[in-house]
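In what follows, a structure is listed as structure tokens, so that the remarks can point back to it.
The values are calculated or read from the model by the stated rules, or taken from the named source; none is laboratory data. Remember, it's a predicted structure, so these values are computed and weren't measured experimentally. Neighbour counts run over all protein chains shown; Cβ positions are idealised from the backbone, glycine included. Heavy atoms of the whole protein, side chains included, go into the accessibility calculation; ligands, DNA and RNA do not. Shrake-Rupley method; radii C 1.70, N 1.55, O 1.52, S 1.80 Å.
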Amino acid sequence: MLDERKLKILAAVIEEYIATAEPVSSRTIARKYNLGISPATIRNEMADLEELGYLFQPHTSAGRVPSHKGYRYYVDFLLPSRKLNEMEQQLIRRVFEKRLNDLEEITKQAARVISRLTSYTAVIMGPQLESSSLKHIQVSRVDEEKGLLLIVTNYGNISHHIIDLPKNFTDSDLTRISNILNDNLTGKTFSEITGELMNAIRNEMIEYDELLNILLEILLNNLEEMQQNAPLISAGSSKMLEYPEFQDVEKVKTFLSLLEHHELITRALKEVSRPNTITVTIGNENRLVELQDFSIITADVSINKKNVGIFSIMGPTRMEYSRAISILEQVTDYIIKTIAEML
């Protein structure tokens, strides 16, 4: 453990570097942080912190810069609590006062407000759809030969498919098919839709066998595809260009390219998140090499054991951790309240 003086100096160096992106000198700490000790003493303590791996010197005669180990200690033990100001709270409140009945729209709005308030990149992975359940299925007529299969989940995800209608099918037939599908499948999670359940539906609708096989095949294929592809929404990716540590164009191009590889980002978010917990992953703690210049703050949100999604902030390791965590906590609190009303 570090003694109290080293803790104060480490916190001061990190907070100054977060604010300025410039290596921090002992003279700066002595002048701005009123620690009651001389620049020479601060310099010696900073040298000790460097030897312990919490700081490093980017080049000779420069001040010190926090290492990933230094940031980790700061986040774990020194992070000051921060309340959002009235403007920040009002902006978040205004977003969620709108009528948001679709999970995709909720996540888009959440990503935008997180990015706007933090000035970092927000990346949100939608719910793992094995925890979703079917809310409504409807088969309706488009014209004499075509019909529409509409599938809605409890999270508001909607998919629709044009189907060929057998001859002589009436609107009453389509209504009866819709009612039987809803009676058997509404409220069921995707893992609960078993072959046995499908066979029971076929037995109940044997006179509609021709159309039913088409509908069930579309339904199963659609659910399988939705399970494999949790939606990924990002906002503020260009904000990385505003930070001096990302003036290297190749570094930014790598990051922007990575955001397009949804499978990699999804895997990275799953690896660093913990259920119903705010987690902070710093620099080389990320297994993905392309993310080792970044810190990621994640909130993995569930309601009644149903996964809602992983909400994350990606920014430089020189991140305003306290502020970003407070914003993410506030936004996810509103998300939980909004989605709880939908379930």
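Pull up the cross-link candidates among the lysines for Lys8, meaning alpha carbon to alpha carbon under 18 Å and not fewer than 8 places away within one chain.
Qualifying lysines at Cα under 18 Å: Lys32, Lys69.
DSSP loop (so not H, G, I, E, B), at most 15 other Cβ within 10 Å: list which GluC sites (Glu not before Pro) in segment 32-119 pass both filters. Walk me through the intermediate numbers first.
Details: sites: Glu45, Glu50, Glu51, Glu86, Glu88, Glu97, Glu104, Glu105; in loops: none.
Of the GluC sites (Glu not before Pro), not one in the loops of segment 32-119 has a Cβ with at most 15 other Cβ atoms within 10 Å.
According to a simple spin-label model (label point 7 Å from Cα along Cα-to-Cβ), what is the distance in nm between Glu290 and Arg274?
In this crude spin-label approximation the distance works out to 2.8 nm.
Excluding residues on the same chain fewer than 8 positions from Lys83, give the aspartates and glutamates whose Cα lies under 12 Å from its Cα.
Straight-distance partners of Lys83: Glu329.
Counting only other residues whose beta carbon sits under 12 Å from that of Val272, what net charge do I get with K and R as +1, D and E as -1? Spell out each step's value before the answer.
Values: positive: Arg267, Lys270, Arg274, Arg287; negative: Glu271, Glu285, Asp300.
Value of the local net charge: +1.
Would you please name the trypsin sites (Lys or Arg not before Pro) within segment 138-212 that are DSSP coil residues with at most 16 other C-beta atoms within 10 Å of their C-beta?
Counting only loop positions with at most 16 other Cβ atoms within 10 Å, the trypsin sites (Lys or Arg not before Pro) in segment 138-212 are Lys167, Lys188.
Measure off, as a whole percent, the carbon and sulfur share of the 1.4 Å-probe accessible area of the chain, all protein chains present. Mind dumping the intermediate values first?
On the way: 8030 of 17290 Å².
The computed percentage sits at 46.
Mind checking the dipole of segment 1-144: about its Cα centre, +1 per Lys or Arg Cβ, -1 per Asp or Glu Cβ, Debye to the nearest 20?
Dipole magnitude for segment 1-144 comes out near 460 debye.
Can you give the accessible area per residue of segment 45-108, in Å², using a 1.4 Å probe?
58
Can you give me the relative contact order of the chain as a percent, contacts being Cα pairs under 8 Å and 6 or more apart?
Contact order relative to length: 19 percent.
Can you tally the net charge around Leu149? Count Lys and Arg as +1, Asp and Glu as -1, for every other residue whose Cβ sits under 12 Å from the Cβ of Leu149.
Value of the local net charge: 0.
Percent relative contact order of segment 1-130, based on C-alpha pairs within less than 8 angstrom and at least six residues apart? Let's see the in-between values first.
On the way: 107 pairs, mean separation 24.7, N = 130.
Relative CO of segment 1-130 lands at 19 percent.
Which lysines have a Cα less than 27 Å from the Cα of Lys135, not counting those fewer than 8 places away in the same chain?
Lys98, Lys108, Lys146, Lys188, Lys270, Lys305, Lys306, Lys337
Pick from Asn203, Asn286, Asn184: which is most flexible by mean-square fluctuation in a GNM of the chain where alpha carbon atoms under 10 Å apart are linked?
Fluctuation is largest for Asn203.
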